[in-house]
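We did not get these values from a lab; they are worked out from the coordinates using the rules stated. Given the structure is predicted, the values throughout are model-derived calculations rather than measurements. When we count neighbours, we look across all protein chains shown, and the Cβ atoms used for this are built from the backbone with ideal geometry, even at glycine.
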């Protein structure tokens, strides 16, 4: 099966959190809107919503997690904008369209990524303030939001995604072994997927033991997701991917396919996928949708 989750409703909600294109700084506002409007699987917001639903004892309410769904997509988009810059991957195509630096210039691309990082936490802070002042929000839920904030900051920062980017950039053009590659993948890609599933679980009031299982499962999902990216980079086309195929080879970057070959990369991808699904099955919860999403991501063609 392919990843076929209906993200239209999520896109409509995300759009509400984007700043209006106005004022003297409107060029960056426009760049932000176009970067989001370019599309994407919205995997991270989807994981927040679906993980939350697994643990919510009452009727699931998307408003409890929506600001985090918007924030994590902003952070992910910021990372893509910066990744595409000439000083890093030097890519001109993203989601079938010109990358932000091509469309708006390198300077505006840097500022657009910066703006997304800051805007993400402003979105959450505003939501927290509104909920704190609401008579319907309990103290345990506000504490859960604070915990979710720390997870997002930690998994997006130097102990997570940005840290992985640093190691990746420093090792570009160098021969690296599996140990270093696994660290890069676990931070650069897996950390934000871990954040997504953990945030949903935390806001659904999961217990500590359940959170540990969710984090371990999400780590396997993130690693498998990145290895699938490596496979597609080596075997697919620019037209299908919506981004430049063969970019790792062009930039002289080690990945799972170049290190182990295509067959072993596929085996590891499926092993990690099974590991994640088995961990989810060990929970005394209905994780059917989460497991189907994982299968779709590992089977995806773009």
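Hey, fewest Cβ within 10 Å first, where do 87, 269 land in order? Could the numbers behind the result be given before it?
Working: 87 10, 269 22.
With the sparsest Cβ surroundings first, the list reads 87, 269.
For the stretch 68-204, the convex hull spanned by the alpha carbon atoms encloses 117 Å³ per residue. Quick one: check the C-alpha center-to-center distance for the stretch 280-296 versus the stretch 170-231, whole angstrom. Using only Cα atoms, the two centres lie 17 Å from each other.
Percent of Cα pairs in the chain per distance bin of 20 Å, from zero to the largest separation: 34, 59, 7. Working from label points 7 Å from Cα in the Cα-to-Cβ sense, the residue 249 to residue 8 distance is 3.9 nm.
Measuring nothing but alpha carbons in the stretch 120-169 and taking Rh as the Kirkwood radius, the Rg to Rh ratio lands at 1.17.
Packing order of peptides 294-302, 122-130, highest average first: 294-302, 122-130 (average count of other Cβ atoms within 10 Å over each peptide's residues). Sorting the Cα pairs of the stretch 52-112 by distance into bins of 10 Å, from 0 upward, gives 21, 37, 18, 17, 7 percent per bin.
From its DSSP helices (H runs of at least four residues, each -39,500 (n - 2.57)), the chain gives a residue-normalised ellipticity at 222 nm of -22000 deg cm²/dmol.
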